[in-house]
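Peer 1: I am attaching a structure below and will ask some questions about it afterwards.
The values are calculated or read from the model by the stated rules, or taken from the named source; none is laboratory data. Keep in mind that what you see is a predicted model, and the values were worked out from it rather than measured. Cβ: placed from backbone, ideal geometry, glycine included. Neighbour counts: every protein chain shown. The protein model used for the area step is the full one, side chains on, heavy atoms only, and it has no ligands, DNA or RNA in it. Shrake-Rupley method; radii C 1.70, N 1.55, O 1.52, S 1.80 Å.
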Amino acid sequence: MAEPAWDSWLATRATVRLRRGLQRNDTSATGLFDLSSNDYLGLSAHHLVRRAAADAALRHGAGASASRVATGTLSVHRELEAGLCQYTQRQAALVFSSGYTANLGVLAAMGGPGSLFILDAHAHASLIDGARLSGATLATAMHNDLADFTRLLEANRSSKHPKARVMLVVESIYSVFGDAAPLAALATLCTQFGALLLVDEAHSLAATSQGSAVLAAGLADQRQVLSTATLSKALGSQGGAVLLGGQGAPELRDHLVNTARTFIFDTALSPAAAAAALAALRLADPQRLGALAHSAGLIRDLLQGQLSLADRVEVGAGAVISVKMPTADSAARTAAALAGKGIAVACFRPPSVPDGISRIRLTAHAHHRRPELSAAIAKVARTIIEEDS
Ligand SMILES: Cc1ncc(COP(=O)(O)O)c(C=O)c1O
C-alpha cells in the first residue's frame, strides 16, 4: 500500500479522536496523591517486595530467557504458584507474563468448536479478546443479570445444535464501575447447566475480604470455577495467573501448559516480578485488606455525602469508586484539573466504558491516612462540581 494512504488514515483517526474528546496520553503522574493506580496495598514500593525483586534478579538474571515450556521455568515460578494456591486456597496455579495473557491463554485454550462462552456485557477487553481468539460461539449477557445468563443457557440447551461445553465469563469486581459479580449465584447456575465459570479476579486478589472473591464466595474448591488474576495490581508487581480448584485441577493445568498459546509462545515471567509478587502475597494480610476496605468506604461516604454527586457515584464493592461525568471532555478536563492540584485520578472514556458514559475513577489505597485522604476527596468533589458547571 502506498504511504499517503497510511498518512491520511492516521490523520483522520487523530482528528476523530480529538473531536470526540477521546485523546489519550501516556503522561507520568509521579509525585501526585495517588487515587488512580491499582497498587491498592502500596506494596510496589514496600522494601521487602523491592528486595525480593532485586535478590531474584541477582540470583536468576534480569529475564527468564525462554518460554516456560523450553528452559524458562525457574524455581521462583514454582514457589509463586505454590504461594498463590496457598493464599487463594485453590489447588493448582499457572503463572503467565501478565493478566492480559492469562485471560487470552485460558480462554483460547478452552474454546474451539462445540463450545459456547457467555460473557458479561462489562467484561474486560482481555476477556473479550481471548473469547474472540478462542473460536467458541460467543454470547453476551446483560451486566450482572442472572436472568439473562439463565435465558442464554436455556436458549443453548433448547437449540437444535446445543453447544456441549459452556463457560460463563465474568469479573469479580468490575474494573470500570467497581461493582461485584454475584459469584455464588452464578456458580449455582453453572452447576445446574453443567457449565464452567471463569472469574477474572484482577481487582479482588489481595484487594477484597479474604484476599479472593472466589474464596470469599465459598468457591475455592469448586472444580467448575476457574479464576484468573493479575500480579500487577494489589500485589504491586507484574504478571498474571490462572487458578484452579477441586478434582481435575492438575489435569486442567496440564491442558493449559500444552495448549495456552500465550503460555507456550511467550517468554516466562521475569524472576524479579515473580519474586516480588510472592513477597507481596506474604504482606497482603487481613490488616492491610482491612485498611484498604476502610479507605474505600471513606471515599464512597465522602462522595455520596455531596448532594450533587450522590446519584452519580456507582455502588461499588471493592477498591474501585467511579463517578459518572456528563461528557468525555468534562471527564478529561476534571482529571487534568485535579492533576494540576496534585491529585491523580483515572479518566475513563469510550471505548473503555461499557455503557458509553465517561467516568472519573478513583482507587482506594490501604496506606492513605484519613486526614490526607479526606482533604483529597473534598478537592475531587469540588473540582468535579466546578468542571460540570
Ligand atoms: C479486569 C482486568 N483483567 C485483566 C487485566 C490485565 O492485567 P495485566 O495488567 O496484568 O495485564 C486488567 C488490567 O488492566 C483488568 O482490569
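Peer 1: Throw me the Rg/Rh for the stretch 209-321, computed over C-alpha atoms with Kirkwood Rh, two decimals.
Peer 2: Taking Rg over the Kirkwood Rh, I get 1.07.
Peer 1: Mean projection of the alpha-carbon convex hull of the stretch 285-388 over all orientations, in nm²?
Peer 2: It is 6.5 nm².
Peer 1: In the stretch 179-229, carbon and sulfur make up what percent of the accessible area (probe 1.4 Å)?
Peer 2: 52 percent
Peer 1: Could you let me know the centre-to-centre spacing of the stretch 330-389 and the stretch 211-285, using Cα atoms, in angstrom?
Peer 2: The stretch 330-389 and the stretch 211-285 have Cα centres spaced 31 Å from each other.
Peer 1: For the chain, go through all pairs of different Cα atoms, get the mean of 1/r, take its inverse, and jot down that Kirkwood value in Å.
Peer 2: 21.9 Å
Peer 1: With a sphere of radius 15 Å drawn around the Cβ of residue 178, what net charge do the other residues whose Cβ falls strictly inside it have (Lys, Arg +1; Asp, Glu -1)?
Peer 2: -2
Peer 1: What ratio of Cα Rg to 2.2 N^0.38 Å holds for the stretch 1-142?
Peer 2: 1.44
Peer 1: Charges only on Cβ, +1 for Lys and Arg, -1 for Asp and Glu: so what's the dipole of the chain about the Cα centre, in debye to the nearest 20?
Peer 2: With Lys and Arg at +1 and Asp and Glu at -1, about 220 debye.
Peer 1: Now for a separate question. Residue separation times 0.36 nm, minus the C-alpha to C-alpha distance between residue 26 and residue 69: what's the value?
Peer 2: 12.1 nm
Peer 1: Between residue 188 and residue 151, what length in nm is gained on full extension when 0.36 nm per residue of separation is reduced by their alpha carbon distance?
Peer 2: Fully extending the segment from residue 188 to residue 151 adds 11.8 nm.
Peer 1: Assuming 0.36 nm per residue, please report the length gained on full extension of the stretch residue 287 to residue 3 beyond their Cα-Cα distance.
Peer 2: Net length gain for the segment: 96.4 nm.
Peer 1: Using the basic label-point model (7 angstrom from Cα toward the beta carbon), what is the residue 132 to residue 82 distance in nanometres?
Peer 2: Label at residue 132, label at residue 82, 4.0 nm between them.
Peer 1: How large is the helix-only mean residue ellipticity at 222 nm for the chain, computed as the sum of -39500 (n - 2.57) over DSSP H runs with n ≥ 4, divided by its residue count, in deg cm²/dmol to the nearest 500?
Peer 2: -14000 deg cm²/dmol
Peer 1: Can you give the accessible area per residue of the stretch 48-283, in Å², using a 1.4 Å probe?
Peer 2: 39 Å²
Peer 1: A further question follows. Quick one: Karplus J couplings for the stretch 121-135, per residue in order, coefficients 6.51, -1.76, 1.60, θ = phi - 60°, nearest Hz, x for Gly and Pro?
Peer 2: With coefficients 6.51, -1.76 and 1.60, one gets 4, 9, 4, 4, 3, 5, 6, 5, 5, x, 5, 5, 5, 6, x Hz.
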